[in-house]
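Below is one structure; the comments refer to it alone.
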Amino acid sequence: MCQRNEHSGQALSDEIVREVVFRVQRYSPGQDRPVTREYRVPVTRGMTVLDGLHYIRDNLDATLSYRFSCRMGVCGSCGMYINSFPRLACQTQILELNSDLVDVRPMPNYPVVKDLVPDLSQLFAKHREVQPFIIRNEQELEHPTAEFLQKPEELLRYLQFTYCIKCGLCLTACPTVATDPRYLGPQALAQSYRYCADTRDAGAEGRLRIAAGRDGVWRCHLAGACSEACPKGVDPALGIQLLKRLAVLRALSLKKPHSPAPVAGKRTGVERRPGIPQPPPPTVESR
Amino acid sequence: MREATLWTLHLAAGVVILVFLSIHMGIMHLEDVLTALGTGYRDALGWASVVMRNKQLYFTITYVILLAAALYHGLYGLRNILLELGPGPTAVRVIQGILILLGASLFVLGTIAAIAAYVR
């Protein structure tokens with residue numbers, strides 16, 4: 001006998017295998033300090049902390065606020081501090097916590113909007129500050145004619161950092177962010193490295209001026225907590241160290257800026273294999 | 001790239017400290033080993049030995065280098081700790097000014113002491 005969770009769409013077993021207590025930190029704007037509330041939640045196999053919060057909201061307390069969207073560890077919306085560790089609620093199985101108590105708090109190092117909803121504007125502002133996009137001074141970016149050429153091994157240099165979903169859990173785990181709010185933090189710095197290491201990019205100089213400034217990579221104490229917390233297996237601490245190396249080599253003039261990857265030329269002497277259909281015409285008119 | 005240069009110097013100073021502190025510890029505490037190696041070093045902590053080392057140009061130079069490296073390494077680390085407390089731009093300038101002044105004063109003082117011990 002299976003039922004389908006109305007929020008996650010997952011097939012869930014009916015059998016209640018345990019009952020746990022959710023201790024949830026509650027806060028509403030205007031309150032002096034947050035309070036904790038406890039809810040008894042029946043747990044079935046495969047149930048995540050996010051499912052537990054859905055159960056509370058649907059059956060016990062409709063005023064509970066929390067943020068979620070994709071329910072599958074892709075959007076990064078449901079970052080929370082669960083049993084004293086930064087995790088995505090949708091990826092955390094209640095039974096795997098091996099505890100009768102599930103302590104859920106909003107992510108530390110962020111202002112709280114309400115209950116479990118953090119204000120992530122600082123995260124996005126820092127992300128924007130490091131210029132997380134390809135920079136080239138040419139018309140090709142505005143009016144592309146072909147792709148930029150990049151070898152697979154060049155892609156591998158930064159590939160893991162592209163998996164960042166901007167959930168902000170790394171900033172929650174970072175001890176430097178906890179004490180120095182101006183520190184750019186592991187998310188932004190790892191993204192800075194991601195674009196500096198991209199052979200298609202020509203904007204490393206300007207990006208390094210920000211990322212290797214006083215509030216940049218030099219503030220990292222190598223705690224490695226960011227890498228441990230990342231739900232996507234990205235290693236932001238590694239990105240920061242690689243960025244440090246790049247900044248030092250550039251400062252000592254031991255590494256010159258690379259020439260940005262060229263645009264692929266028009267293919268000649270290549271014909272479509274028989275039987276392979278033509279691509280559909282573009283749905284949007286090119287400018 | 002100023003910060004990158006300062007950080008590189010911090011690492012370089014750490015290496016210098018490691019090398020010269022190893023020599024210092026070896027001379028001070030591995031007397032039996034040095035004797036066995038035939039260096040002729042005895043009673044490293046005795047007054048005569050201290051004066052004898054001070055009269056050698058090699059030691060005077062290493063004292064000054066070690067002093068410079070230790071001061072830079074320590075004060076740069078202290079600067080980092082203080083900057084992480086989140087001071088404003090004016091406070092940052094004041095902190096840096098005080099640390100540079102402190103470092104330069106201690107370096108001059110230590111260098112004068114090392115040179116005075118050498119020439120006497």
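List of remarks:
- Accessible area (Å², 1.4 Å probe, nearest 10) - residue A:16: 100 Å²
- Mean separation of Cα contacts under 8 Å, 6 or more apart, over the residue count of chain B: relative contact order %: 32 percent
- Taking all Cα pairs closer than 8 Å and separated by 6 or more residues, the relative contact order of chain A comes to 15 percent.
- For chain A, built as a Gaussian network whose Cα springs stay under 10 Å, the top-fluctuating residue of A:253, A:192, A:84: A:253
- Per-residue ³J(HN,Hα) for segment A:232-249, Karplus 6.51 cos²θ - 1.76 cosθ + 1.60, θ = phi - 60°, Hz, x for Gly and Pro: 9, x, 6, 10, x, 4, 5, x, 5, 5, 5, 5, 4, 4, 4, 5, 5, 4
- Taking a straight Cα-Cα cut-off under 27 Å and skipping sequence neighbours fewer than 8 places away in the same chain, the lysines within cross-link reach of residue A:232 are A:114, A:126, A:151, A:166, A:244.
- Dipole magnitude for chain A: about 900 debye, using +1 per Lys or Arg Cβ and -1 per Asp or Glu Cβ, origin at the Cα centre.
- Count Lys and Arg as plus one, Asp and Glu as minus one, and take only other residues whose Cβ is under 12 Å from that of residue B:48; the net charge is then +2.
- Stretch gain in nm, segment residue A:61-residue A:245, where the contour uses 0.36 nm per residue and the Cα spacing is subtracted: 61.1 nm
- Three-way shape label, chain A, alpha-carbon gyration tensor, a/c 1.5: oblate
- In segment B:5-32, the residues that give up 10 Å² or more of accessible area when the other protein chains are added, compared with the chain on its own (1.4 Å probe), are B:5, B:7, B:8.
- Accessible carbon and sulfur surface of chain A relative to its total accessible area, %, 1.4 Å: 51 percent
- The 1.4 Å probe gives accessible areas that order B:2, B:79, largest first, as B:2, B:79.
- Carbon plus sulfur fraction of accessible area for chain B, probe 1.4 Å, in percent: 77 percent
- Taking all protein chains into account, the per residue accessible area for segment A:121-251 stands at 44 Å² (1.4 Å probe).
- Counting charges near residue A:265 (Lys, Arg +1; Asp, Glu -1) among other residues having Cβ under 13 Å from its Cβ returns a value of 0.
- Radius 13 Å from Cβ of residue A:134, net charge of other residues (Lys, Arg +1; Asp, Glu -1): -2
- Rolling a 1.4 Å probe over the protein chains gives residue B:60 an accessible area of about 10 Å².
- The heavy atoms of residue A:103 offer some 20 square angstrom of accessible surface to a 1.4 angstrom probe.
- Total accessible area lost when B and A pair, probe 1.4 Å, Å² to nearest 100: 1400 Å²
- Accessible surface comparison of A:248, B:19, A:270, probe 1.4 Å, protein chains only, largest first: the order is A:270, B:19, A:248.
- Mean separation of Cα contacts under 8 Å, 6 or more apart, over the residue count of segment A:45-193: relative contact order %: 23 percent
- Largest to smallest in accessible area, the residues A:219, A:45, A:250 fall in the order A:45, A:250, A:219 (1.4 Å probe, all protein chains included).
- Compared with the dominant principal axis of the Cα atoms in chain B, helix B:2-29 is inclined by about 20°.
The values are calculated or read from the model by the stated rules, or taken from the named source; none is laboratory data. Only a predicted model underlies this, so the values are computations on that prediction, with no experimental measurement involved. All Cβ positions, glycine included, derive from the backbone under ideal geometry; neighbour counts span all protein chains shown. Note: areas computed on protein heavy atoms with side chains; ligands, DNA, RNA excluded. Shrake-Rupley method; radii C 1.70, N 1.55, O 1.52, S 1.80 Å.
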